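Remarks on the structure that follows.
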Amino acid sequence: MENSSKKQKPILVKIAEQLLKDQQELDSLAVQWSLGKAEAKDKINEAKAELKQKIHDLKIWISTEYDENSEWAKTTILKLNDLDIKLKENTEELFETSKQEILIAVEKVENQINKNPAAQKLSVLFSIYSEKVRLQFEVIEINLKNKKSEINENLNEGLGDVRKKIDSIIERLNEKKEETDLKLEGFKDEIGAVYDHLKKAFRSLN
């Protein structure tokens, strides 16, 4: 396992930064909705490349912040490696099969991380990654099936509501520097609700 001498950022900082990044990408996601079929195919491999980088970062985090010789760490890294292998580039024709394999591997990583009570913050961070890729795949799949429609006022309002919700979560995360009294499950549920809201906003255009 590769290691890193560079001090890792506190995981709550990572969570807040990822939420901010996702918030800033909402407009880009809306643009993806109106892409043509050829451009949508390019977005498949972009989404996979983004997740591959996150897997790389997570493996470094586990090796520096947890006992990498523990059974939990070893198994988690194996499942991350399996997910990494699933993220191979492919053609439009293989997208549906590839998507299902990736999402199954994502769920296995989620379940494995959740087995360690001391990895709750890591679980919240990975839930952001997993919800993001599920949303990306859903939008891309609709584009590939030529079911896209024009962005309308309802979608724009929905995106605005999501930005406000993300702002609220980030603000509270930034207040919890020591996170001793942080109810992580509450944040995880809120993050899941944010992405569910986004999925419903896009599905409503079909």
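Excluding ligands, DNA and RNA, the accessible surface per residue across the range 65-141 is 47 Å² with a 1.4 Å probe. According to the Kirkwood relation over distinct C-alpha pairs, the hydrodynamic radius of the range 57-132 is 13.0 Å. Computed from backbone phi with θ = phi - 60° and the Karplus coefficients 6.51, -1.76 and 1.60, the 3J(HN,Hα) list for the range 121-135 is 5, 5, 4, 5, 4, 5, 5, 5, 4, 5, 5, 5, 5, 4, 5 Hz; x is used for glycine and proline.
In loop segments of the range 108-143 as defined by DSSP, the trypsin sites (Lys or Arg not before Pro) with at most 16 further C-beta atoms inside 10 Å of their C-beta are Lys115. Extending 7 Å from Cα along the Cβ direction at Asp196 and again at Glu141 yields two label points whose distance is 1.8 nm.
The values are calculated or read from the model by the stated rules, or taken from the named source; none is laboratory data. Here the structure is a predicted model, which is why all the values come from computation and not from measurement. Every residue, glycine among them, receives a Cβ derived from its backbone with ideal geometry; neighbour counts consider all protein chains shown. Ligands, DNA and RNA are stripped out before the accessible areas are found, and what is left, the full protein with its side chains, is counted by its heavy atoms. Shrake-Rupley method; radii C 1.70, N 1.55, O 1.52, S 1.80 Å.
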